[in-house]
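The values are calculated or read from the model by the stated rules, or taken from the named source; none is laboratory data. Because the structure is predicted, anything quoted here is derived from the model rather than measured. Glycine gets a Cβ as well: all are built from the backbone with ideal geometry, and neighbour counts include every protein chain shown. Ligands, DNA and RNA are excluded from the accessible area calculation, which covers all protein heavy atoms including side chains. Shrake-Rupley method; radii C 1.70, N 1.55, O 1.52, S 1.80 Å.
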Amino acid sequence: DEDSIGFVMSDVSGKGVPASLFMAQATRLFRTLAAQKMMPAEIATRINDALSGEDNERGMFVTMFLGLVDLKTGHLDFCNAGHNPPVVDGEFIEMIPNAPIGLWPELEYEGEEIADITNKPFFVYSDGLNEAENRQQEQFSDERLVELLKTTPFESAQQTIEMLKAEVEKHRDGAEPNDDLTMLCLKVIKN
C-alpha cells in the first residue's frame, strides 16, 4: 500500500518441474498471506505449515527472506528462513538462523526488525551471486560482494543491480552459470 512495501526473496532446492511447482506453491501462499497484512514471521510459519510434512515426499524446501518496510519511518520487520544474509549499508546483517521452509512441520519462525533503514541501501540476493563460479570453479564470494557494495557509490537500486550483474559476468569469464541469479535492492528515502 502507500505506507509500506512487502517483499520476499526465495530460492528453491532442486531443479526442473518439481522445483518449479514447489516454488509456485510458496509464491501463491506468500501473496495470499501478505495480502492479509501478516507479519513476515507469521507468513513464514504458515507457508512452512502448508509445505512441510507428509505431502512433501521429495523433501523439497525453499529459503526465504521476507520483509515489510514502513515507507514513512524506514522500519523493517523481517524473517529470514535459511536465506543468505542481506547487506545493509555495506554490511551483512546478523540474523536468527531460522530453518528453510518445508523441511520440518510445526516450526515457529522468529521475526526480527531494524529500527530504520532510511537512506541505507538494502540488498538481498540468491546464492547464484556469491556462489557464481569462474572457469577455475572459484566463487564470486561474500567478501567480493561486500567490498563492491562498500566501494561503489550508490546512484540507484537499478545501477547497483546492473553493476553487480556485470561484475558476476566478468568473474565468470565465459563459464556457464551454475545457478540462477536473483537480486533486489531498495533504498527508503524520506521526503
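Points worth noting:
- Model label sites at GLU54 and SER4, defined 7 Å from Cα along the beta-carbon direction, differ in position by 3.6 nm.
- Computed FRET value (nearest 0.05) for ALA157 with GLU106, which takes r as the C-beta separation and R₀ as 41 Å: 0.65
- Extension gain for LYS150 to VAL17 (0.36 nm times residue separation, less C-alpha to C-alpha distance): 44.1 nm.
- The convex hull defined by the C-alpha atoms of the chain has an orientation-averaged projected area of 11.2 nm².
- log₁₀ of I(q)/I(0) at q = 0.13, 0.23 Å⁻¹ - the range 125-179, Debye sum with one point per alpha carbon: -0.30, -0.87
- Accessible area (Å², per residue) of the chain, counting only protein heavy atoms and a probe of 1.4 Å: 55 Å²
- In range of the label at GLU133: residues from the range 155-191 whose backbone nitrogen is under 15 Å from the point 7 Å along Cα→Cβ: 172-180
- From its DSSP helices (H runs of at least four residues, each -39,500 (n - 2.57)), the chain gives a residue-normalised ellipticity at 222 nm of -10000 deg cm²/dmol.
- Distance from the range 83-155 to the range 162-188 (C-alpha centre basis), Å: 14 Å
- The stretch between ASP70 and ASP116 holds 15.7 nm of extra length on full extension. This uses 0.36 nm per residue minus the Cα-Cα distance.
- Cross-link partners of LYS37 among lysines (Cα-Cα below 21 Å; sequence separation of 8 or more within a chain): LYS72
- For peptides 165-178, 44-57, sequence by mean Cβ density within 10 Å, most packed first: 44-57, 165-178
- DSSP bridge orientation in the range 87-191 - percent antiparallel, rounded to nearest 5: 90 percent
- Note on ARG31 and THR182: the extension gain reaches 52.5 nm, defined as 0.36 nm multiplied by sequence separation minus the Cα-Cα distance.
- Listed values for the range 51-65 are Karplus-derived 3J(HN,Hα) couplings in whole Hz (6.51 cos²θ - 1.76 cosθ + 1.60, θ = phi - 60°), namely 9, 9, x, 5, 6, 9, 5, 7, x, 6, 8, 10, 8, 9, 10, and x replaces Gly and Pro.
- Percent of beta bridges antiparallel (DSSP, the chain, rounded to nearest 5): 90 percent
- Listed pairs LYS150/LYS187; LYS120/LYS165; LYS15/LYS170 exceeding 23 Å between Cα atoms: LYS15/LYS170
- Protein accessible area in the chain, 1.4 Å probe - carbon and sulfur %: 48 percent
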